[in-house]
Amino acid sequence: STSPGARDDIWVEFADFKSKAADNAKAARDLHQLALAGTDKGVIATAGKKMGGTCKACHQSYRIKK
């Protein structure tokens, strides 16, 4: 059983789900490091968009649409 809001496809395609989760974690770490370093706002914004894309990729595949 999955959590509320998640499709059972997570378990059918678990390797893909784990890959998408790992992409999200890496993008979040990268964004965090850029922010800590005081990197240029444009670079941080680009990293933020990349992280948002990793969220969307997983949600499109595994989130129950309401």
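Could you please give the count of residues in the range 12-37 that are surrounded by 14 or more Cβ atoms within 10 Å (Cβ to Cβ) and of a type in the set (Lys, Arg)? Selection size over the range 12-37: 1.
Please specify each residue of the range 38-66 satisfying the condition of being out of contact with any Lys or Arg (no Cβ under 8 Å at 6 or more places or on another chain) and open to solvent by 80 Å² or more (accessible area, probe 1.4 Å). Steps first, answer last, please.
Within the range 38-66, the first condition is being out of contact with any Lys or Arg (no Cβ under 8 Å at 6 or more places or on another chain), and the residues that meet it are 38-53, 55-56, 59-60, 65-66.
Listed by number, the residues that qualify are Asp40, Lys41, Thr46, Lys49, Lys50, Lys56, His59, Gln60, Lys65, Lys66.
The values are calculated or read from the model by the stated rules, or taken from the named source; none is laboratory data. These numbers come from a predicted model, not from an experiment. Virtual Cβ from ideal backbone geometry, glycine too; neighbours counted across all protein chains shown. Please note that ligands, DNA and RNA were not included when accessible areas were found on the heavy atoms of the full protein model with its side chains. Shrake-Rupley method; radii C 1.70, N 1.55, O 1.52, S 1.80 Å.
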